[in-house]
1. What are the semi-axes of the equivalent ellipsoid of the stretch 69-130, taken as the square roots of 5 times the eigenvalues of the Cα gyration tensor, listed largest first and rounded to whole Å?
2. At a 10 angstrom cut-off on C-beta neighbours, averaged per residue, how do the peptides 119-127, 45-53, 86-94 rank from highest to lowest?
3. Tell me, what is the Rg over Rh of the stretch 5-213, with Rh the Kirkwood radius over Cα pairs?
4. Report the FRET efficiency, 1/(1 + (r/R0)^6), for Arg75 and Thr177, where r is their Cβ-Cβ distance and R0 is 25 Å, rounded to 0.05.
5. With a Cα-only, solvent-free Debye model of the stretch 109-224, what are the log10 I(q)/I(0) values at q = 0.10, 0.12, 0.15, 0.20 Å⁻¹?
6. Which cross-chain or sequence-distant (5 or more) residues have an amide H under 5 Å from the amide H of Arg75, H modelled 1.01 Å from N in plane?
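Every number in this text was worked out from the coordinates using simple rules, so none of it is lab data. These numbers were taken from a predicted model, which means no experiment stands behind them. Note: ideal-geometry Cβ built from the backbone for every residue, glycine included; neighbour counts use all protein chains shown.
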Amino acid sequence: MMKSIQQALVAAALCLAATSWVQAETIVNVLDRSQRMRLEAMHPADTATPQALKISASFDKVMQHMPPSHAVELRIVRGVGLAEAMQGHIVAVHESVGDLPETVQLFILAHELGHIAHSHWSQMGLLFLKWVPGEVVPQNTNAVSSQLGRDASALTYNMEFEADAFAMGVLRRMGYTLDDVTSVFACLGMYRDSPTHPSSFKRIVALRALWSRDVPSSPSSSSS
Ligand SMILES: [Zn+2]
């Protein structure tokens, strides 16, 4: 669910970092380039279809219930899992998301916007830079790739929980209940832990704990 920035990023960057043809590049260059290539490979969908119009409407609703943020671009595409936050300011959404129930659409979009609002793209870049501060060449990457992979995986888990919490805050401000929010996971299919995503069960448990701890806040206050 919600294949996010980090999923492809970790795999692509580690793969690219292991190749010797990437000369005189920093790891941040490599990450940027890999995301640019993935974006370019996505085919824009027709924005006038009923599916696309529903996604756009859901996106606008979420934006109205978010804390003010910098400019964010919505791209409705073919060729991405369900949705993905990219390059720190783009939400790429598969057109089929428009066929999902509105609550699910809202949660998916709010989750990806949560990645953007929390600057997860920059955070991941900083982590990679910490482990690979110099040029991306095998002598700088081979020795650290396993530790980097471990740290990146841990960071992505935190980011997923943070983006979920953000999405839940948005939906709560819209008047949705905890059951509405957690039913999103059942709708999308429960799954186990992966290298980049905690299991649906862990995510639901985290949201339930957060719901009882937090009170709804206005969009202008800090994120949930
Ligand atoms: Zn995510």
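1. 23, 12, 10
2. With the highest mean Cβ count within 10 Å placed first, the list reads 86-94, 119-127, 45-53.
3. Rg/Rh: 0.99.
4. It comes to 0.25.
5. Cα-only, vacuum Debye calculation for the stretch 109-224: -0.37, -0.51, -0.72, -1.06.
6. Amide H neighbours of Arg75: Val91, Ala92, Val93.
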